[in-house]
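The values are calculated or read from the model by the stated rules, or taken from the named source; none is laboratory data. Everything numeric here is computed off the predicted structure, so don't read it as measured data. Glycine gets a Cβ as well: all are built from the backbone with ideal geometry, and neighbour counts include every protein chain shown.
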Amino acid sequence: MTRLRRSEALDWIEIAAATAALGIESAEVIALRTGGAGFEGSEAVHEAWRMWSEKVAALAELQTRLLTGSLGVTPVATARATVKHYRRKVAANKRRLGRAR
């Protein structure tokens, strides 16, 4: 078994905390989408389509960055960049849906 250096272990703890924050932020966006924003009829269909297309686009962006090497060359750098990528997307949705109220 490979032992992690102390600084690398702290990096992974930081990534875990950021991932937990992403989970909480995502839950807030889900709450805004399902109940808080009050989408009905064609608005709900539009929001569902937007949600689906944003997820596909975010994944495609991330895969492109991975394949071009712009996520980083180490597992820690790649994990950090991945969490940062999704946190930006979630924050943008939270702002947009918060204004829709």
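Looking across Thr68, Thr82, one residue alone is among the hydroxyl-bearing types (Ser, Thr, Tyr), surrounded by 13 or more Cβ atoms within 10 Å (Cβ to Cβ) and at pLDDT 90 or above. It is Thr82. Taking Arg6, is it basic (Lys, Arg) and at pLDDT below 95? Yes; evaluated as a whole, the condition is true for this residue. Inside region 70-95, can you point out the residues that are outside any helix (DSSP H, G or I) and over 13 Å from Trp12 (Cα atoms)? Result: Ser70, Leu71, Gly72, Val73. Taken over region 31-65, the criterion of being among the aromatic types (Phe, Trp, Tyr) and surrounded by fewer than 12 Cβ atoms within 10 Å (Cβ to Cβ) is satisfied by Trp49, Trp52.
Can Arg6 be described as basic (Lys, Arg) and either loosely packed, with under 11 Cβ neighbours inside 10 Å or in contact with a Pro (Cβ under 8 Å, 6 or more places away or on another chain) (or both)? Here the answer is yes, as Arg6 does meet what is asked. Can you tell me which of (1) out of contact with any Gly (no Cβ under 8 Å at 6 or more places or on another chain); (2) under 24 Å from Ala18 (Cα atoms); (3) not aliphatic (A, V, I, L, M) is the one Trp49 doesn't meet? Tallying (1) out of contact with any Gly (no Cβ under 8 Å at 6 or more places or on another chain); (2) under 24 Å from Ala18 (Cα atoms); (3) not aliphatic (A, V, I, L, M), Trp49 fails exactly one: (2).
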